[in-house]
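Shown next, in structure tokens, is the structure this report addresses.
The values are calculated or read from the model by the stated rules, or taken from the named source; none is laboratory data. Everything quoted here is computed from the prediction, not taken from an experiment. No Cβ is skipped: glycine too gets one built from the backbone with ideal geometry, and neighbour counts run over all protein chains shown. Just so you know, the surface numbers come from the protein's heavy atoms only, side chains and all, with ligands and any DNA or RNA stripped out. Shrake-Rupley method; radii C 1.70, N 1.55, O 1.52, S 1.80 Å.
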Amino acid sequence: MSDLLEVTTDAQVRTIRLDRPEKRNALNAALVTELKAALSDAADAEGVRVVVLTGNGSSFSAGADLASLKELRSASPRENERDSRHLAELFRQIYVHPKPIIAQVNGHAIGGGCGLAAVCDFSFVSDDAKLGFSEVRIGFVPAIVMVFVQRKLGEAAARDLLLRGRLVTAAQASEVGLVSRAVSASRLGDEVHDLARELATETSGSAVAMTKRMMAQLPGMGLEEGLDYAVQMNAFARSTEDCQAGIDAFLNDEHPPWKRDEEGAEA
């Protein structure tokens, strides 16, 4: 059992809740450690197809907590590097996780908390939430989130968010592509549930995992290298069990084996 996370599983959906509501779910080293462990467990869980990341209380995550910021002032260069790498590993783990991850942003997401939401595959945000990277306003650098935000948005939109350090509304975050959608607080849970069920029952787990892997790798490749990689992945995908089963089902006008209802029986 964890004092910092609540982890539940409903059908094929694993929900991980940040559980520091009194600290607005601010990130510290212990919480990052537990998040990494929970994500690893979800990756290995055979019956889990989708992961939902959300927070308890009124905030999704307020970024680094005050105690961590105080420790930062007296930490050695080696300690600072170790702490930074710890957070970078968490963001990378989410980005390349073999299963789709949905951020259910139930409240404000600031700094590293906004990075958590942005690095997920999908982010549905309560329309009363504010989001942003306020690091430059306290003399800090949004270094780790920048790697993912610039990939996601392109340089112009990333500059506007990261250099100004301002907070934006959920609707504004959705307009620039930082998050997937802004929805009413009363509909947030239902919208996330519907997407999670769609991903769990309408898509192939192995195909999604390979697609995510390719999307992480392709931006660093040139045209010819990228096409060669795509050819290899395309050829490999054809030999997988899911591809063979999916083609058979399509040709026989049947449901593929992953298309199941909420009870897990074949639809």
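In the structure shown, the pairs Lys99/Lys130; Lys36/Lys212; Lys36/Lys70; Lys152/Lys259; Lys36/Lys99 are assessed against 20 Å; a Cα-Cα span above that value is assigned to Lys99/Lys130; Lys36/Lys70; Lys152/Lys259. Putting +1 on Lys and Arg Cβ atoms and -1 on Asp and Glu Cβ atoms, find which of Thr54, His86, Ala64 reaches farthest to the positive end of the dipole of the range 24-90. The residue sitting most towards the positive pole is Ala64. The heavy atoms of Met215 present about 130 square angstrom of accessible area, all protein chains included, probe 1.4 Å. Note on the range 1-159: with charges restricted to the Cβ of Lys and Arg (+1) and Asp and Glu (-1), its dipole about the Cα centre is near 480 debye. Of the labelled figures [x] 1, 6, 12, 16, 17, 17, 13, 9, 6, 3, 1, 0, 0, 0; [y] 1, 5, 10, 13, 13, 11, 10, 8, 7, 7, 6, 4, 2, 1, 0, 0; [z] 1, 6, 12, 15, 15, 13, 11, 9, 8, 6, 3, 1, 0, 0, 0, only one reflects P(r) over Cα pairs in 5 Å bins from 0, in percent as derived from the coordinates, namely [x]. Summing Lys and Arg as +1 and Asp and Glu as -1 over all other residues whose Cβ lies under 13 Å from the Cβ of Ser186 gives a net charge of -3. For the chain, the carbon plus sulfur part of the accessible surface works out to 52%, probe radius 1.4 Å. Between the listed residues Leu162, Leu199, Ser123, the Cα displaced farthest toward the positive end of the dipole of the chain, a dipole computed from Cβ unit charges relative to the Cα centre, is found at Leu162.
Positive-end ranking of Asn106, Val136, Val7 along the dipole of the chain, with charges on Cβ about the Cα centre, is headed by Val136.
Computed over neighbours whose Cβ is under 10 Å from that of Gly57, the net charge equals +2, Lys and Arg +1, Asp and Glu -1. Scanning the chain for GluC sites (Glu not before Pro) in DSSP loops with at most 11 neighbouring Cβ atoms within 10 Å leaves 47-262 as the longest stretch between them.
In a reduced charge model with +1 at each Lys and Arg Cβ and -1 at each Asp and Glu Cβ, the chain shows a dipole moment near 1360 debye about its Cα centre. Charged neighbours of Phe122, selected by a Cβ distance under 11 Å, balance to -2 (K, R count +1; D, E count -1).
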